[in-house]
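Peer 1: Got a structure for you, written out below as structure tokens; questions coming shortly.
The values are calculated or read from the model by the stated rules, or taken from the named source; none is laboratory data. Given the structure is predicted, the values throughout are model-derived calculations rather than measurements. Cβ atoms come from the backbone with ideal geometry, glycine included; neighbour counts cover every protein chain shown. Side chains included, ligands, DNA and RNA excluded: accessible areas come from the protein's heavy atoms. Shrake-Rupley method; radii C 1.70, N 1.55, O 1.52, S 1.80 Å.
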4 protein chains.
Amino acid sequence: MRFFSDNAAPCCPAVLDALAEANRLDTAYDGDEWSLRLDGAFSDLFGTQVRALWVTTGTAANCIGLATLCPPYGGIICHRDAHIEVDEAGAPGFYTHGGKLILLDGPGAKVTVEAAAEARARIRADVHQVQPKALSITNATEYGMTYSPDEVAALGEFARSHGLGFQLDGARFANAVASTGAHPADLTWRAGVEVMSFGFIKNGGMNAEALIFFKQELADEALVLKKRAGHLSSKGRFSAAQILAMLEGDLWLANARAANAAARTLAEACGSERLVYPVQANELFVRMTAAEAAALRSQGYDFYDWGPGEIRLVTSWDQDMDAVARLAAAIRTL
Amino acid sequence: MRFFSDNAAPCCPAVLDALAEANRLDTAYDGDEWSLRLDGAFSDLFGTQVRALWVTTGTAANCIGLATLCPPYGGIICHRDAHIEVDEAGAPGFYTHGGKLILLDGPGAKVTVEAAAEARARIRADVHQVQPKALSITNATEYGMTYSPDEVAALGEFARSHGLGFQLDGARFANAVASTGAHPADLTWRAGVEVMSFGFIKNGGMNAEALIFFKQELADEALVLKKRAGHLSSKGRFSAAQILAMLEGDLWLANARAANAAARTLAEACGSERLVYPVQANELFVRMTAAEAAALRSQGYDFYDWGPGEIRLVTSWDQDMDAVARLAAAIRTL
Amino acid sequence: MRFFSDNAAPCCPAVLDALAEANRLDTAYDGDEWSLRLDGAFSDLFGTQVRALWVTTGTAANCIGLATLCPPYGGIICHRDAHIEVDEAGAPGFYTHGGKLILLDGPGAKVTVEAAAEARARIRADVHQVQPKALSITNATEYGMTYSPDEVAALGEFARSHGLGFQLDGARFANAVASTGAHPADLTWRAGVEVMSFGFIKNGGMNAEALIFFKQELADEALVLKKRAGHLSSKGRFSAAQILAMLEGDLWLANARAANAAARTLAEACGSERLVYPVQANELFVRMTAAEAAALRSQGYDFYDWGPGEIRLVTSWDQDMDAVARLAAAIRTL
Amino acid sequence: MRFFSDNAAPCCPAVLDALAEANRLDTAYDGDEWSLRLDGAFSDLFGTQVRALWVTTGTAANCIGLATLCPPYGGIICHRDAHIEVDEAGAPGFYTHGGKLILLDGPGAKVTVEAAAEARARIRADVHQVQPKALSITNATEYGMTYSPDEVAALGEFARSHGLGFQLDGARFANAVASTGAHPADLTWRAGVEVMSFGFIKNGGMNAEALIFFKQELADEALVLKKRAGHLSSKGRFSAAQILAMLEGDLWLANARAANAAARTLAEACGSERLVYPVQANELFVRMTAAEAAALRSQGYDFYDWGPGEIRLVTSWDQDMDAVARLAAAIRTL
């Protein structure tokens, strides 16, 4: 039973069905009927007019978005543990043509206004130093924590007052919405977010993520960047269709709730002593000796070590709740 | 009945079946069983050891490959009508970080040794001028013509003797193989090609192309570039699986033969007077008055105008041969 | 006696004097008294408020300027023989991060509205093709021809009506002003030019060129690009001082007149049969057999061959008029 | 009396003399007699065959050098206070096309093997994380400390064993040599340094720095990068001549010794209580209340505040020793 990555999980049946349904003649690139429905579908979801593009990976979604906010000579304030810093192979530097990530510390990979303000204040306003042009946060964070609407809004106000664009890495945005119960609007545009990646792949999709522009005028440049980076699939209807399938009947939210519920079950079994961070989404970082980890593995549970004395457990949309219960019991028994 | 783009065609049933079959738990990114089989499958196809990566578009396949051959300050010799020049939004400049395309003239978008040599000779060997570092050709070309093994080999020898890398845009490589009857090896590595994009999407695939390195040591850098550009899908098994499905039983070749056959039928109907270029793959460029084009459209045939007095017809792997026969008859009747 | 390059000539005594005079303590970078005087000096010269930066080379002046007009995914329309295309090692691609030069043909390296309009018209307005964002001309051109105020204004109107920025490579702008007798304003901002490089080095300077922004709001970004490219000299006063020395008493214009006069003397000796282009500045392209060229060289004249049956002669600000007269006589004697 | 920056100081008379002497006809760019002598002059200085290029700024010297060591997708390990991180406006990202600086902590801006090894160890060897490709140190550091030959050699061994290129920012290399008494070779190539910037401007030069390649095969690429970045001055003889003048009779070393001596005098007056770092070159970072700083300023001394309760004093090659003595006395009197 695997608890190592939500990327390893299969796709929802609804996604495969949508691909089959979309497998008919239509216009190439993004002129097809499915692609044309994305703006409307996401505008409905967010309760405001947005522009929505499909892309094939979260890295592309994040970095095309950031490139519309940050010029080659600019900086992006983000957390030291942000995916864009740690796990995208320098893609922000590639897409922005040399933009610099300005790194913040703080527990659970969460950006705070205090940390951002301190970093901002250290930078002289002259041509010798890279001036920040954007702020990027991840919700849920890389350590499975969430931002509340108020927290996002405070960061949005910080960004606005310092002339920074505001981007959200939403690879696990669904988990954040499911966890906080907040309206998607309150975690995004009402709080000042201008552009976001909206993740579907970890949450049951196959190979399409959404790139959402609340600041709609940025989308035209993004369309060019998307093509120029080789992300304009010629049969784009298959990307759009799977996203629409995930939106249909709020499947994205149901899937995220399932993954979160599995994580909560495990979190309760771990207890606060073992948990490195509060479990607010579908990831757990658990203090565990090597012997304990080995004991779990010998019972068939797969997961990653996360530094010495620590493991990571990730739950997925399709997690078998019996297996989860058995793992919870096994953890309690340690 | 559409004859405007092979990108508009649906996918092969075998591709959809492969996606369903791959929809089970496996390692993320490219560590899954399907991805791991690609090197072997393409090595068998080409009769030599190669390294093979999946990517999601032809633009990515072309430009990641070119970026392994051409430094930021280098030039790539190609035809003025090459896809990388005309239809990739400057992606070669993006992926190479400013590399320059050095453009050749010549009928049918075919590169000749003479044209390449002349362009090379015009460039002074000093730091003031951009020095060419690679040669790129497209087979079949953007105007539906093919290179013979001898033609490719002559270009390969030119590249080798001038210290140029040699890349092949194989968006319609299947059509070229089907048309020439040549062994894939004779159109590629035996003729000096070092890296190629191998197209599947236009030929019945969904959203995966292959990037093949005959010069295997380039593949390590390509893996980094692929990740950095956001082309390392987290559920990469779906990309690999659809490519493997296309290779299975030479489906790629059967599909290309079908598309080529449809094109030949139309070419015979057009006659040499109407044809701007010899029809050697699945595209036809046909001289036709606006009135004639309108007459065909009124009968339900869809296609693009291609400049004044000219139209383009593209046939697909799934073309209904009755519809093709009817269009052929309609053209004869004009 | 050398006629091979105006870059080979020495500096004006006034420039050396200015360096000595500036050799005292002052603020680093561009906060010194000389640098602070540049805006005013060029505003006086052009009869309008401008912002003026020193840089150390013409390539930097051209490409920083262009980078303020053209995004990484944009194109710059220019002549096929433009210095930015032929002799700057791809610097436009470096500074714009991959921008593409869209090349025009035409005699004497002159851009015409017709050629530019034709090139513009060939580009589809979609994301697949690189969209032009700027127009660049060189006055005097790389073949020693000049644009009149009306010609520049027509190009400016073309640029404006197509949403293109308009940049002028003025490496030999002084020669163009001297030749046409036009007011500098009429060759630049009154004709729609937004940014220009203003060359001094070929005209008696040492190692400073000016980068002038008529569209002043672009200068802030240029200051950042200049620093980022390593062109913000820490003792910038020496750059500014030499430019001011060249402006003092219109030395720049006197120097250019001297060079032009020498060229005219040689042009008269050549006669229209020999001249490939009209001689309007300080360069001559002269039809000459290899034997004739050898005969001149045997008499001590240095110059470059310029393709078969053609030589290039360049005159400088300090050309000895006796030597010029002797060369003129020698040409007549051929 | 200014103690705020060695960039504010005038040039040596020998530099101005050299410019005047070089003010005669010669080949353009770097084909002149002065430029051609650089390789030999620096090879003599370092006691090994090197290749030496002039450039116009330290930023260019650093970043062209780094770009020969680090690909666009690579990382450069350096100190958090390194000039390339703090004061070059992101130029490393520009020249490497997106390379990432991997930042180390440590007192006095000194890189230690321990800190470098720890940073290296944190990076997984996969395509998701930016892999370090180079190590960069500054000697003397941005806080006026020096590395001994043994310290550089230990870092060189670290770099070699981890496959990293090794670059030295030598903006104040002269001060480091003067301070340590080490042979230049022992601080560079014998310790594994492959490329360095050798600063002259802060030390009495006007506008030329040297870029030295101990790993000579990198210089060819550097020549292209230099041109492409607009750093190939057309009258390069003036750059080369001033560097040669500084090398003549070890003027560079004499100047650095003078600046260091002035700093030592001030350091003794400050006493170890006030000094934030040991004073090993020509910079002092001094604990001082605002009132004390104001008192000094009221006596005519110019310097920068350096955070709360701290000032920076910089001495120059031409510092008047009487003024230095008076400042020392004034500090003692505080």
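Peer 1: Other chains' Cβ within 10 Å of D:16-23 residues: what's the mean?
Peer 2: 4
Peer 1: Let me ask something additional. Would you please name the chymotrypsin sites (Phe, Trp or Tyr not before Pro) within segment A:83-192 that are DSSP coil residues with at most 11 other C-beta atoms within 10 Å of their C-beta?
Peer 2: The qualifying sites: there are none.
Peer 1: Magnitude of the Cβ-charge dipole of segment A:252-333, K/R +1 and D/E -1, about the Cα centre, nearest 20 debye?
Peer 2: The calculated dipole for segment A:252-333 is roughly 140 debye.
Peer 1: Go through C:V113, C:I77, C:L19 and say which Cα lies farthest out towards the positive end of the charge dipole of segment C:13-249; charges sit on Cβ, +1 for Lys and Arg, -1 for Asp and Glu.
Peer 2: Among C:V113, C:I77, C:L19, the one farthest towards the positive end of the dipole of segment C:13-249 is C:I77.
Peer 1: Right, another one. For peptide C:55-63, what's the mean number of Cβ atoms from other chains within 10 Å of each residue's Cβ?
Peer 2: The per-residue average across the peptide is 5.
Peer 1: Further question: Once all Cα-Cα distances of chain D are split into 10 Å bins that start at 0, what whole-number percent is in each one?
Peer 2: Final binned percentages: 6, 26, 32, 24, 10, 1.
Peer 1: When the accessible area of segment D:253-333 is computed with all protein chains present and a 1.4 Å probe, what percentage of it is carbon and sulfur?
Peer 2: 52
Peer 1: Just to verify a number: FRET efficiency for A:E217 and B:Q49, C-beta to C-beta distance, R0 = 56 Å, to 0.05?
Peer 2: 0.65
Peer 1: Let me ask you something else. Report the label-to-label distance for A:R160 and A:Y304 in nanometres (one decimal), using points 7 Å from each Cα along the Cα→Cβ vector.
Peer 2: Output for this residue pair reads 3.6 nm.
Peer 1: Follow-up question, since we're still on this one. Compute the semi-axes of the equivalent ellipsoid of segment C:252-333, taking the square root of 5 times each eigenvalue of the Cα gyration tensor, and list them largest first in whole Å.
Peer 2: Computed over segment C:252-333, the values are 20, 14, 11 Å.
Peer 1: Quick one: dipole size for the protein assembly as shown, taken about the Cα centre, charges +1 on Lys/Arg Cβ and -1 on Asp/Glu Cβ, in debye to the nearest 20.
Peer 2: 0
Peer 1: Please identify which residues in segment D:19-33 have an amide N closer than 17 Å to a label point set 7 Å out from the Cα of C:E248, following the Cα→Cβ vector.
Peer 2: Within reach of a label on C:E248, which here means backbone N under 17 Å from a point 7 Å along Cα→Cβ, segment D:19-33 contributes D:20.
Peer 1: Quick check on segment A:196-307: what does the Kirkwood estimate of hydrodynamic radius come out to from the alpha carbon pairs, in Å?
Peer 2: Evaluated over segment A:196-307, this radius sits at 17.2 Å.
Peer 1: What average number of partner chain Cβ atoms lie no more than 10 Å from the Cβ of the residues making up B:184-196?
Peer 2: Across the residues of B:184-196, the mean count of other-chain Cβ atoms within 10 Å is 0.
Peer 1: Please work out the Cα convex hull volume for the protein assembly as shown and give it in Å³ per residue.
Peer 2: Cα convex hull per residue, to the nearest whole number: 181 Å³.
Peer 1: A further question follows. Charges only on Cβ, +1 for Lys and Arg, -1 for Asp and Glu: so what's the dipole of segment A:13-250 about the Cα centre, in debye to the nearest 20?
Peer 2: 560
Peer 1: Right, something else. With a 1.4 Å probe and all protein chains in place, put B:W306, A:W252 in order of accessible area, largest first.
Peer 2: Heavy-atom accessible area, descending, gives B:W306, A:W252.
Peer 1: Can you tell me, using C-alpha contacts under 8 Å and at least 6 residues apart, the relative contact order of chain B as a whole percent?
Peer 2: The normalised contact order for chain B reaches 24 percent.
Peer 1: Out of the DSSP beta bridges found with both residues in segment B:13-251, what percent are antiparallel (nearest 5)?
Peer 2: DSSP beta bridges in segment B:13-251 are roughly 30 percent antiparallel.
Peer 1: Tell me which B residue has its C-beta closest to the axis rotating B onto D, and the distance in Å?
Peer 2: B:H97, 2
Peer 1: To the nearest 0.05, how large is the calculated FRET efficiency for C:R37 and D:M321 if R₀ is 25 Å and r is the Cβ-Cβ distance?
Peer 2: About 0.15, to the nearest 0.05.
Peer 1: At R0 = 30 Å, how high is the FRET efficiency between A:A330 and B:E21 if r is their beta carbon distance? Nearest 0.05 is fine.
Peer 2: 0.40
Peer 1: What is the distance in Å between the Cα centroid of segment D:1-43 and that of segment B:91-108?
Peer 2: Segment D:1-43 and segment B:91-108 have Cα centres spaced 40 Å from each other.
Peer 1: What accessible area per residue, rounded to a whole number of Å², is obtained for the protein assembly as shown using a probe radius of 1.4 Å?
Peer 2: 32
Peer 1: Cα-based Rg (one decimal) and Dmax (whole number) for segment A:1-152, in Å?
Peer 2: 18.7, 57
Peer 1: Can I ask one more? Which one of B:N139, B:M206, B:T68 has its Cα pushed farthest toward the positive end of the charge dipole of segment B:13-251, where Lys and Arg give +1 and Asp and Glu give -1 at the Cβ?
Peer 2: Checking the options against the dipole of segment B:13-251, the answer is B:T68.
Peer 1: With the radius of gyration and the Kirkwood radius both derived from the Cα set of segment D:11-80, what is their ratio Rg to Rh?
Peer 2: 1.07
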